[in-house]
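Everything on this sheet refers to the single structure shown next.
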Amino acid sequence: MHEIVNTIVELVSQFGYLGIFIMMFLESTFFPFPSEVAMIPAGYLAFKGEMNLVMAIVAGIAGSLGGALFNYYLAKKYGRKGVLAFGKYFFFTEEKLQKMEAFFVKHGSFSTFVSRLIPGVRQLISLPAGLSKMPLKPFTLYTTLGAGIWVVILAVLGYYIGILVHDIDSTQPYFPQVIAASKPYIHQILYITLGMISVATFAYVMTHKRKNRVKAES
């Protein structure tokens, strides 16, 4: 898998923003492609002046949304059998689908936002959303917001790596070097992500309670 990822990165990196879109599209579908490989180097390239940071972030969010919509419509149109028939080529099992459905049922439509910040979940939460025929507008909104937060965190980290690291060997592929340099900060990313999930969940719960109270009083 490591060799496959490196090959894809080298191929699509030639296409700039389109390459970012493609990588993030794949990351949001069945293909187990890590978003870190796309957005952290993009942030580093922005630091070097070879990319525009805002454009890279927009491309990343658009790719994430595109991949999520692919899963959403696949599930909505072909149902469980279609999802499992297609997913088997990417080692996606019924057990994984059941876990995603349980997560979606537990957290409702809001899960499409929260899950975008959880590794291993964000790629597949679109499937139960599609199976349940969740309305497209809230699905798109929650997905875009969640993906946007994650993409911004990774891109800014890549930019920050450029400020801190000065020993990138220009004669070697810089993608593996930038990813390696970012590893010490992964724990910080996780803490930030967990904090965002906690704040978002608290806000959602309070809003939900307030709405129920208003309905009960009226």
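The values are calculated or read from the model by the stated rules, or taken from the named source; none is laboratory data. As the structure is a prediction and not an experimental result, all values here were calculated from the model. Note: ideal-geometry Cβ built from the backbone for every residue, glycine included; neighbour counts use all protein chains shown. We work out accessible area using only protein heavy atoms, side chains counted, and drop any ligands, DNA or RNA first. Shrake-Rupley method; radii C 1.70, N 1.55, O 1.52, S 1.80 Å.
Within the accessible surface of region 26-124, defined with a 1.4 Å probe on protein heavy atoms only, the carbon and sulfur portion equals 66 percent. The string of couplings for region 57-70 from the Karplus curve (6.51, -1.76, 1.60, θ = phi - 60°) is 5, 4, 4, x, 5, 4, x, 4, 5, x, x, 5, 5, 4 Hz, one whole number per residue in order, with x for Gly and Pro.
Protein heavy-atom accessible surface, 1.4 Å probe, per residue over region 39-78: 41 Å². Backbone geometry of region 18-24 corresponds, through the Karplus equation with coefficients 6.51, -1.76 and 1.60 at θ = phi - 60°, to 3J(HN,Hα) couplings of 5, x, 4, 4, 4, 5, 6 Hz, x marking Gly and Pro.
A Förster distance of 35 Å, applied to the separation of the beta-carbon atoms of Val156 and Glu94, puts the FRET efficiency at 0.40.
What region 101-162 shows is 37 Å² of accessible area per residue, with the surface traced by a 1.4 Å probe over protein heavy atoms. The string of couplings for region 156-161 from the Karplus curve (6.51, -1.76, 1.60, θ = phi - 60°) is 5, 4, x, 5, 5, 4 Hz, one whole number per residue in order, with x for Gly and Pro.
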